[in-house]
Structure formats: structure tokens, C-alpha cells
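Here the structure is laid out as C-alpha cells; the discussion comes afterwards.
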Amino acid sequence: MPQKVRGVVAHKKGEPVSVETIIVPDPGPGEAVVEVQACGVCHTDLHYREGGINDEFPFLLGHEAAGIVEAVGEGVTDVGPGDYVILNWRAVCGQCRACKKGKPWYCFNTHNAAQKMTLEDGTELTPALGIGAFAEKTLVHSGQCTKVNPAARPQAAGLLGCGVMAGLGAAVNTGQVGRGDSIAVIGCGGVGDAAIAGATLAGATTIIAVDMDPKKLEWAKEFGATHTINAREADVVEGIRELTGGHGADVVVDAVGRPETFRQAFDARDLAGTAVLVGVPTPDMTFEVPLIEIFGHGGATKSSWYGDCLPSRDFPALINLYLQGRLPLDKFVSEEIALDAVEEAFHRMERGEVLRSVVVL
Ligand SMILES: NC(=O)c1ccc[n+]([C@@H]2O[C@H](COP(=O)([O-])OP(=O)(O)OC[C@H]3O[C@@H](n4cnc5c(N)ncnc54)[C@H](O)[C@@H]3O)[C@@H](O)[C@H]2O)c1
Ligand SMILES: [Zn+2]
Ligand SMILES: [Zn+2]
């Protein structure tokens, strides 16, 4: 029987979100219904509401979640009722050309549920990143459910489902930052601080946090930043060069996603260094540089989809690091909120008051 649950819906571009009754179908072949326990508020949810991702309103928001599998559809064997899972938004297909080349983290045909969740009047909802977890229950593809150690509390574990994995992976997987390296991270929200935490785990020795908000810079130090630059007060590129012997950092991560921040990342790398774009730009943004600078600087400019992660490989390992006290996931949780407080959480995010507001169900 389809179930009625409460969920947070963005109806129109730029309009406040509201809690609505959602119809969740029974899981079909390859699908799972998950009882959501906690879901973080990511900047990407706000991008959706602002119409910055696509126009497929209404959206069922939320995509950074942990919960318990309630039911699975035909043919699902990897997960079953009662399993504690983190939801992922890149369930790899195993069949596409990226998967067949042995690079499944680039999978070009990731799986989502085939059926749609709807409003009570039958209007189909677009779940954010194919998840839609600001809801008591959600329907996903079974491959989007990654089992992890249930000892990790859902408020913390769920954050690996998006922002923390994306930021940490941007530094470690995409940027390949390693022991003794220098890294600068532009934008120290949940994603940027996760890049800093990842660089710390990887043994980077110079970790430069860049933000316009002094409070964010203080928080970044708690994740391992060794230096900070206030982008309102100092020239970011000059500042990064000064802190790296005049050369620039081995890796610069742009966790904002604007032309001006990507330009800083591009320029503030050492020769042959890597600039990583993990912040998500909007479709109207452009980036223009003289071709000779791309050639002359060498190295790489890369984008990081979901931190180039493989959920089945990375989530259980990172949860173990968390349980061992080596990955401070709890520090990302600024506040726990109810489902009806997501709109206010967006405003708190815009005002820079939180790293992550986490909806607890
Ligand atoms: N690539 C991915 O897979 C992926 C996954 C999750 C989120 N994201 C994206 O990452 C970005 C960051 O997400 P978040 O949740 O951390 O957002 P957030 O709003 O919590 O953090 C953004 C931070 O950037 C700072 N900032 C803004 N403009 C700046 C500037 N010009 N210079 C320096 N700092 C600046 C803000 O003060 C804030 O601290 C968003 O664009 C989000 O959509 C990407
Ligand atoms: Zn694939
Ligand atoms: Zn996200």
C-alpha cells in the first residue's frame, strides 16, 4: 500500500518551502523505501529552491541522509529491511562506458527509483538528487542505500551522504592531496571544512582556509586548517602564495563555485598544481582565461562530482574513522531541527550561522 508521509516541498522558484503530505509508493523492482532518521541541509537544496539546478518543480528536497530500510522491491538482495544505511546520490550502474573502463566513480548512468513520489493530488515530485529525504520516508533505488555500522548516530552519518563526502573527496580523491602537500580551500562551509578534514587525514602539512566570514575561519581551524585568509580583507591569491613559499598550493579546492573563486583557485596553485571545482556554479556563469595561462600553468583543473567517491568503498571506511575518533563528523552538526524548520535553516545558512542544520525525524 502506498504510504502517506510528511515531506518538505519547494513549489516554485524562490518561494519558501513547505511541509506537505507525500505519497510514497511501495518499492518496485530494484527499489527500496527508507525510513529517514536524519537529513542535513546542504547548499544544493537551496540551489534547487532558487531554480539554480533545473526547472523541474515541485522538488522534494533533502539528500544528505541516514535511515533504516523499511522494505525492498523484487530482486533486491544487497540490502533488506532493518539495514542501517546512508543514502547516496550516485548509485553506479556497472554497465556504462565509465563503469566498464574501471572508473565507476564517474558512472554516466547512475540509478534512481523508477517510480515517482507524488503530492496527494497526484502531482509528481522531483526528489533532490534523486533522494528527497526531508521526509519521514523516501523511495530510492536500492543501490542508493549503503550499509554502514549502526553505531554511528544518524545525525553525523547522514552528512557523508553529500557535503562531507563531496568536500573530503574533492581534496583526497579528486585533488589527490597527500602527505606533506599544501592545500587551500576557498569557502569553508560544510563542504569546504570537509575538504580541510580530508586534507588533515591525508597528512597535508599546510592547510589554508579561505572565507569571507571570520567565524567560518575559526571553525575551519577545528577541522585542521593551519592558516586562514579572510577574503574580504586580503588578496586571496597573494595570501596563498605567501603561505606557500611564494609558489602557490599543490591543490586548491573551490568550495564556493563562482567565477571569481574559481579564478582564485586557478591562479593560487603552484605550477603543475591542481584546481578542483566542487562548488556548483549556476548555468549563467562563465569562466574565461587566456589559453596561454592554461598551458603555462600546467597541472590540472578538475571538477569533483560527489568527491569522486564510491559509496560502497568510502562510506563504511569513513564511518569507521568517525567511530575511531579520527573524522570529526559531529563538529559539522551545528543544530538539530524539525522538518518544518528547513526554510529557517536556509536563512541561517545564508547568514553564515551554521555549518549544517540537521533535520531529525
Ligand atoms: N560537487 C558536489 O558533488 C557537491 C556536493 C555538495 C555540495 N556542493 C556545493 O558546494 C558548495 C558549498 O556547499 P556548502 O553546503 O558548504 O555551502 P555553505 O553555504 O555552507 O558554505 C559556503 C561558504 O562559502 C563562503 N563564501 C561564499 N562566497 C565566498 C567567496 N567569494 N570567497 C570565500 N568564501 C566565500 C561562505 O561564507 C560559506 O562559508 C555549494 O555550491 C554546493 O552546491 C557540491
Ligand atoms: Zn555506470
Ligand atoms: Zn548536497
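The values are calculated or read from the model by the stated rules, or taken from the named source; none is laboratory data. These figures come from a predicted structure and were not determined experimentally. Every residue, glycine among them, receives a Cβ derived from its backbone with ideal geometry; neighbour counts consider all protein chains shown.
Things worth noting here:
- Filter result (outside any loop (DSSP other than H, G, I, E, B) and surrounded by fewer than 16 Cβ atoms within 10 Å (Cβ to Cβ)) within the range 7-34: SER18, THR21
- A single entry from ALA71, ALA128 fulfils the requirement of being within 25 Å of GLY307 (Cα to Cα) and among the hydrophobic types (A, V, I, L, M, F, W, C): ALA128.
- Candidate set from the range 100-120 (those that are within 13 Å of ligand 2 (Cβ to nearest atom) and farther than 18 Å from SER142 by Cα); member that is nearest to the chain's Cα centre (by Cα): TYR106
- For LEU201, the criteria (1) assigned to a helix (DSSP H, G or I); (2) surrounded by fewer than 24 Cβ atoms within 10 Å (Cβ to Cβ); (3) touching a strand residue (DSSP E or B) at 6+ places or on another chain (Cβ under 6 Å) hold in every case but one, which is (3).
- Residue check, PHE315 in contact with a strand residue (DSSP E or B) (Cβ under 8 Å, 6 or more places away or on another chain) and either closer than 30 Å to PRO150 by Cβ or modelled with pLDDT under 95 (or both): yes
- Residue check, GLN155 surrounded by fewer than 24 Cβ atoms within 10 Å (Cβ to Cβ), within 16 Å of ILE86 (Cα to Cα) and either within 16 Å of ligand 1 (Cβ to nearest atom) or of a type in the set (S, T, N, Q) (or both): yes
Conditions tested, residue by residue: (1) in a helix (DSSP H, G or I); (2) farther than 20 Å from GLY161 by Cα; (3) within 16 Å of ligand 3 (Cβ to nearest atom).
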{"residue": "PHE266", "(1), (2), (3)": "yes, yes, no"}
{"residue": "THR274", "(1), (2), (3)": "no, yes, no"}
{"residue": "GLY296", "(1), (2), (3)": "yes, yes, no"}
{"residue": "PHE315", "(1), (2), (3)": "yes, no, yes"}
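- One residue from ALA65, ALA91, ALA10, ALA32 being within 16 Å of ligand 1 (Cβ to nearest atom) and in contact with a His (Cβ under 9 Å, 6 or more places away or on another chain): ALA91
- When the criteria are applied in full, ALA157 meets the requirement of being in a helix (DSSP H, G or I), under 15 Å from LEU318 (Cα atoms) and outside the structural domain of ALA272 (by TED's automatic domain parsing).
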